[in-house]
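J.: Got a structure here, written out as structure tokens. Questions coming.
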Amino acid sequence: MNRETELRLRERLGKVRRLRLLGGSGVNGAVETLQDQLDQLDAKPSTEEVWQAIKLARHDERPYTLDYVERLLEDWFELHGDRHVMDDGAIVAGLGRFNGRTVVLIGNQKGRDLKERARRNFGMANPEGYRKAMRAMEIAERHRFPVIALIDTLGAYPGVTAEQHGQGGAIAASQALMARLTVPTVSCVIGEGNSGGAIAIGLTDRILMQENSYYAVISPEGGASILWRDAEQAEKAAAAFRPDAAHCLELGVIDAIVPEPEGGAHTDYDAAAALLGAALQEQLAELEEVPGDELRRLRRARYRSLGVFA
């Protein structure tokens, strides 16, 4: 079975699982059938393939949020500052036109050279960054604009100043606000999706992952440091908790995988943007048919169901 067939099967399985969560009738058999097909795949991602995906997610030339903004949005207007303390460059937020409709987009931005990476704190947001994101979400709710979030971060910044400014509270407040929104929301992990820094802007109706990205509660190095007190065991940790897109879809954490150009998104920015744009448009088109109160109810039900073991 080729890669495209596998991605389609996994996407269908995610949709059917959502129907089962919402009480849809007659879907249990469909879930079992699709799962059987996936179980029979000739080759699931091996340890080497999982680690390769993580390395590609971290590639220095991988497209970042603003690279996609340039290719997907028209009339981009970026917001700055949290109206309390400062502007955090690790988070970009603004408004633009996506396929003819105004949307609010928020995302992590790591930076290309050393100077920009220092200014953007390597994509690790402070509380001010999450407050800026919340400011943009409130605009979206007020004016009925869909929200798109592009996730690519090592995690929330763990510095002393960030903690003094209320890092944990800002992450929690951002999630609480996203849970209350009555507009369509779609997020996509476009590189690294680690810890609270990722979920702070990722509590959305639909969660996508690019093919060579990963989504985890902790980085492989962090997990290895805790388990074996040796960050060099990162590949072993990654094999254990399998944070790659294929396994996240299999676990029901995400809804679909966005294919990338051959060799990874860094090989062709335009093609990667076209594939991402098509996936975002498909999800938004589905969500726009759902009333706002129902979106909120389904979103809350979805996240309350995660982590349940039977």
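The values are calculated or read from the model by the stated rules, or taken from the named source; none is laboratory data. Everything numeric in this text was worked out from a predicted model, so none of it was measured. Glycine gets a Cβ as well: all are built from the backbone with ideal geometry, and neighbour counts include every protein chain shown. To get the accessible areas, we keep the full protein, side chains included, count just its heavy atoms, and leave off ligands, DNA and RNA. Shrake-Rupley method; radii C 1.70, N 1.55, O 1.52, S 1.80 Å.
J.: Condition first: open to solvent by 20 Å² or more (accessible area, probe 1.4 Å), in a loop (DSSP other than H, G, I, E, B) and within 18 Å of residue 117 (Cα to Cα). Now tell me which residues in the range 63-87 satisfy that.
T.: Residues satisfying the conditions are 80, 86, 87.
J.: Related question: Condition first: crowded, with 17+ Cβ neighbours inside 10 Å and either free of Cβ contacts under 8 Å to residues at least 12 places away in the same chain or in a loop (DSSP other than H, G, I, E, B) (or both). Now tell me which residues in the range 262-298 satisfy that.
T.: Scanning the range 262-298 gives a single hit, 264.
J.: From 218, 207, grab the single residue that is outside any helix (DSSP H, G or I) and more than 27 Å from residue 290 (Cα to Cα). Step through it out loud before you land on a result.
T.: Working: 207 fails: more than 27 Å from residue 290 (Cα to Cα).
Being outside any helix (DSSP H, G or I) and more than 27 Å from residue 290 (Cα to Cα) holds for just one of 218, 207, which is 218.
J.: Residue 238: under 26 Å from residue 274 (Cα atoms) and open to solvent by less than 20 Å² (accessible area, probe 1.4 Å), yes or no? Quick ask: steps written out before the conclusion?
T.: Values: under 26 Å from residue 274 (Cα atoms): no; open to solvent by less than 20 Å² (accessible area, probe 1.4 Å): yes.
No.
J.: Conditions first: (1) in contact with a Gly (Cβ under 6 Å, 6 or more places away or on another chain); (2) closer than 19 Å to residue 72 by Cα. Residue 237 passes all but one, so which condition is the exception?
T.: (2)
J.: Identify all residues within the range 169-207 that are surrounded by fewer than 16 Cβ atoms within 10 Å (Cβ to Cβ), touching a residue at least 12 places away in the same chain (Cβ under 8 Å) and under 11 Å from residue 130 (Cβ atoms); write none if there are none.
T.: Matches in the range 169-207: 169 only.
J.: Could I ask something else about it? Test residue 171 against the stated conditions and say whether it is under 28 Å from residue 77 (Cα atoms), within 19 Å of the chain's Cα centre (by Cα) and not in a helix (DSSP H, G or I). Write out each step before concluding.
T.: On the way: under 28 Å from residue 77 (Cα atoms): yes; within 19 Å of the chain's Cα centre (by Cα): yes; not in a helix (DSSP H, G or I): no.
Judged against the criteria, residue 171 is not a match.
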